[in-house]
1. Quick one: count up the residues across segment A:98-116 that are open to solvent by less than 40 Å² (accessible area, probe 1.4 Å), of a type in the set (A, V, I, L, M, F, W, C) and facing another protein chain (nearest Cβ under 8 Å).
2. Please state which of the following conditions residue B:664 fails to meet, knowing it meets all the rest: (1) open to solvent by 60 Å² or more (accessible area, probe 1.4 Å); (2) in contact (Cβ under 8 Å) with a residue 24 or more places away in the chain; (3) on the phi < 0 side of the Ramachandran plot.
3. Regarding segment A:219-230, can at least one residue be identified that is β-branched (Val, Ile, Thr), within 12 Å of chain B (Cβ to nearest Cβ), buried (at least 22 other Cβ atoms within 10 Å of the Cβ) and assigned to a strand (DSSP E or B)?
4. Of the conditions (1) open to solvent by 30 Å² or more (accessible area, probe 1.4 Å); (2) within 12 Å of chain B (Cβ to nearest Cβ); (3) of a type outside the set (Asp, Glu), residue A:200 clears all except one; give me its number.
5. Among A:311, A:242, A:323, A:331, which is open to solvent by 10 Å² or more (accessible area, probe 1.4 Å), at the interface with chain B (Cβ under 9 Å from one of its Cβ atoms) and closer than 30 Å to residue B:569 by Cβ?
6. Can you tell which of B:387, B:395 is part of a loop (DSSP other than H, G, I, E, B), surrounded by fewer than 22 Cβ atoms within 10 Å (Cβ to Cβ) and either touching a Leu at 6+ places or on another chain (Cβ under 9 Å) or without any contact (Cβ under 8 Å) to a residue 40 or more places away in the chain (or both)?
7. Is it fair to say residue B:549 is in contact (Cβ under 8 Å) with a residue 24 or more places away in the chain, facing chain A (nearest Cβ under 10 Å) and in contact with a strand residue (DSSP E or B) (Cβ under 6 Å, 6 or more places away or on another chain)?
8. Which of the residues that make up segment A:281-295 are open to solvent by 60 Å² or more (accessible area, probe 1.4 Å), out of contact with any Asp or Glu (no Cβ under 8 Å at 6 or more places or on another chain) and not hydroxyl-bearing (Ser, Thr, Tyr)?
Amino acid sequence: MEAQIQTLATQALAEIAACADESQLEALRVRLLGKGGELTALSDRMRELSKEDKPRIGKVLNETRASVNAAMEARNAALTAAQETRAFEGVDVSLPSIGFSQGALHPITQLMDRAVQIFRRMGFALADGPDIETEWHCFDALNTPADHPARNEADTFYMPDGRLLRTHTSSIQIRTLEHMAPPVRIIAPGAAYRRDEVDATHLAQFTQMEGLYVDEDVTLGDLRGTLEFFFRELFGEDAEFRFRPHFFPFTEPSFEVDIKAAALGGGRWLEIAGCGMVDPAVFEAVNLRRGDSALDPERYTGFAFGFGLDRLAMIMSQVPDIRLFTDGDQRFLSQF
Amino acid sequence: MKASLNWLREIVDFEQDAASLAQLLTKAGVEVEGIESKGASIPHVVAAQVLSSEQHPNADRLSVCRVDDGSGSPLQIVCGAKNYKVGDKVLLARPGASLPGNFEIRVGKLRGVDSEGMLCGADELGLAENSEGLLILDPATPVGTPLGELFPADTVLDLEITPNRPDLLSHEGIAREVSALTGRLWKASQGFVPETDATGAVAIHAAECPLYSVRHFEGVRISPSPSWLRQRLEALGVRSINNVVDITNWVMLETGQPLHAFDTDKLRGELQVRFASEGEPFLALDGKTYLLSAADLVIADDSGPVALAGIMGGASTAVDAGTTRVSLESAVFDSAHIRRTSRRLGLSSESSHRFERGVDVAGVFRGSQRAAALLKELAQGIASGWVAGSGGERVDVGALLMGLTPVRHVGLRLERITSLLGAPVGEARVEQILTALGLSRAQDGWEVPSHRADLTREVDLIEEIARVVGIEHFPAGTRAHFSPSSEADRRYDHLMQLRRSAVGQGLFEARNLTLVSEGMAQAALGSENVLRVKNPLNEDQVVLRPEVLSGLLDAAARNARAGVKRIRLFEVGRTFAQEQVEERTHLGVVLAGSARTPNWRSATVADADLFDLKGALAGILNVAVEFEPLPASALLGLAVRVLVEGKAVGIAGQIRPSEARARDLSGTVVVAEIALDSLLSGPKRTALYVEVDRFPAVTRDMALLAPSGLTHQQILDVLNAAQEPLLRAVELFDVFTDPTGERVPVGSKSLGYSLTYRCSQRTLTANEVNAAHTKLKQRVTTELGVQARE
């Protein structure tokens, strides 16, 4: 009988392995393990065995039944898995995606935000001021004489009440110093207006980034370090700098910053920013307005800087015409 | 300001070539914007006269010329040009000349005819980029004159002079700067005529003229200027007129003092400086008549204005070929005054350019003395006395004549240099720099000469030191300090978050101009109280936009015309109104075209409508957004008020089809304009945890047949008013109407709601849910008169 069991087991395992689908496997299960099945029949014959043989043969029979069951389960799982896999066969995964619809931030906003993030790492806070400014905030307090050419109606937009559209974000320096005592460390992105004829490189309106740091012992070296760090972060470590002495009424000494970097097309010096040490006359003008001496020029020094984001974005992204920035053309906006 | 390198070398002996000098000046703040080579100096190229010209026997397009080059024996030259005639003076390259491009001139044969050189065009000599035919010389040019004398080689630097440095608007001024930067010495100045006593006075009726002088000359002979004078003026962009006028320009370019020459015989009576009378006409040298105002300063004789002070002389008293007596004006006028008149009349000149920026009073007599020397040398002019006058008490003429120039005392502390610049500069170096710039050491500071009107304070002297030393001397600092975030920081972050959410909603950010046309301002929602600029540049930019939609609608139209099918634009920016708060921050949105990108699984997608817009707004603002009906407007056929937490924050709607068509937009176009300021205020709220439900929810549907006019909100209000404690959510899953009236009667609509019930303490039984649901259904049907459908 033992031999009979062995033979049946070998045969059964082979048949299980050969089952091609679940129905064949089920038929086999009934034939072997069902009522009157072949293994079941062998179990029924246990009664015929002697007392000595019963435990040994019984054990063999149980082991055989277990291994047949296990083999059937394994085969069943394999057949199910194979069937599931077949269901996914032939799917063309190269078909286009569905539902992807992402807009884009304006390139100037993107550049502005990069700049803001860099300055924030250096401890600058943001400041703000109105587009419609008084002459005092835009010019007088910034040491710009009443007959300065920039104040002419040919160059500056005026409101009927004598105020104007700020010609630079430097007016925010004054707005900030009016109500804050040193230390002051701010940046201010914003719109500025000049009465320029519109062409590929000029708009009557553009976006500037202004910066100001006033404290005890702020030096020209700090100005240099701050701008060099900022522009290296923006353009990369290869940026080279040339601080060219220049003239602005509200800084003394004043510089224009020329930069050469691969991110700017490399090769040539590009005029990128204006900067300088705050002119003591600016502190004095604000003190007079405040009615105190919170900005004592003997005690405090400061630096200020400004640069145009439009021009920078044009150079960095190789945009040939500044008007593309204000056209609102989605074919342009979706490139950034 | 154009500067001749040759001229600078005549004044200061420096070694640098043009490129290194340009670098040196640029580094010191005198930006060199261009370097241009002028003239040429090529050996064996001389002036020659064409004696004869005959057809070449073997070539149709060539001629055989005989030319006189002053050597005594005429040369035979084969020439291809046609623009000359016999007798013309031209440039001849003799054998041995080497023209630009390594072109060697040799004796040779051209189509079998001997040619002993080449007649040249301007381009072949490097005098011009492009030219046609031969360069024809002045008939007075002596034959044999070398090219280098006719067109002296020079380099012209184009300098950007900042408005604080009018002292650099002359060659002497630039030379002074070069001397300071190179440490090289100043050569002796050119000839000046020694001063005599004044022969009279000029009446000055305006404080705006601190000093006015006129020097008289007799026996003047007008002629063309010698070529050295003419060439140099022309190289610097000044047209040569005649010897007298050229001398005035020369002296201005040399010393910075503008001069004007009158023909003495055309003047009537004494000159005076006065204000014009209102409406007084003045015919200027440019041939135009200007109507003057009482604020314009003029030089007048008995007949009226003969010059617009500091800007331009008059046509009636101009020096011409018949002039024999000259009155030479040298003066100083108030810079602000000249600027105002020049701008008002739209008339400027080299002279007004200098007066506007400031002319050194100490240079007035020096300039006219220098001119006197040149007039004697080049026009046989004999000085016959001079007159001067001063408006106000500001100028000590006597002291000026003695060469005593006014100086200013400015203090300077060495420690202040360190505290402003960040590193010390040694006392010896400071002394060297300031001395080289023409300042002299005084007690507790420095004496500043009058030509440096920009140096009035300690910080101005420190600026000079920083400029000359160079910023590299001061180590880059990396100081920072902690800055608390400001209100502007919070606003910025909030606005950036809104922008990013809008991008996530598939929108593209536009940044439109804030100055718009009247039409654009009105075409949007139509605001009153708009702000306008007083002096618009053109009619496209007159109004400060009252809404961001003004520009967005225009941009949408441009996109439609460019063939963009799905327009999804937003802008976050400033708007303006003549109200208590003038400047606000608005969000604008325009959606046109399909709500989602059509794709291969569903080729047709409905256009975005008001409800897509509602979803987009909620997504951008990150809060629930409610709409409330508004009367239709000129732009919006379907208009709604936008509410956030019960507060009105803006307007939205669908544009009338006619308005959409007018912008070339097809299909549904929805827009929104949201005022953001009230949504931005206050610090960011931190969310608080609410326990998540642990027991299962049960949903029951409620199908209602309601009159068309009944709103979803009315149904919601009734359901909410019941305050059923187990009700957790109400979801509308279907709205159905049937125009045929078959499935739903006309005038009614079918609404399908799914109501979710849940208890946070236990699992609900079916009976509890059914009881609650039935109660709610009854309330809705009885209170709203709707019918429940099973």
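1. Qualifying residue count, segment A:98-116: 4.
2. Here residue B:664 meets the rest and fails (3).
3. Checking segment A:219-230: not a single residue is β-branched (Val, Ile, Thr), within 12 Å of chain B (Cβ to nearest Cβ), buried (at least 22 other Cβ atoms within 10 Å of the Cβ) and assigned to a strand (DSSP E or B).
4. For residue A:200, the exception is condition (2).
5. Going through A:311, A:242, A:323, A:331 in turn, the sole match is A:331.
6. The unique qualifying residue is B:395.
7. No.
8. Of segment A:281-295, the ones open to solvent by 60 Å² or more (accessible area, probe 1.4 Å) are A:284, A:288-293.
Filter again for out of contact with any Asp or Glu (no Cβ under 8 Å at 6 or more places or on another chain), leaving A:284, A:288, A:291-293.
Scanning segment A:281-295 gives A:284, A:288, A:291, A:292.
The values are calculated or read from the model by the stated rules, or taken from the named source; none is laboratory data. None of these values were measured; they are calculated from a predicted model. Neighbour counts are summed over all protein chains in view; Cβ atoms, including those assigned to glycine, are modelled from backbone coordinates with ideal geometry. Quick note on the areas: whole protein, heavy atoms, side chains included, nothing else; ligands and nucleic acids left out. Shrake-Rupley method; radii C 1.70, N 1.55, O 1.52, S 1.80 Å.
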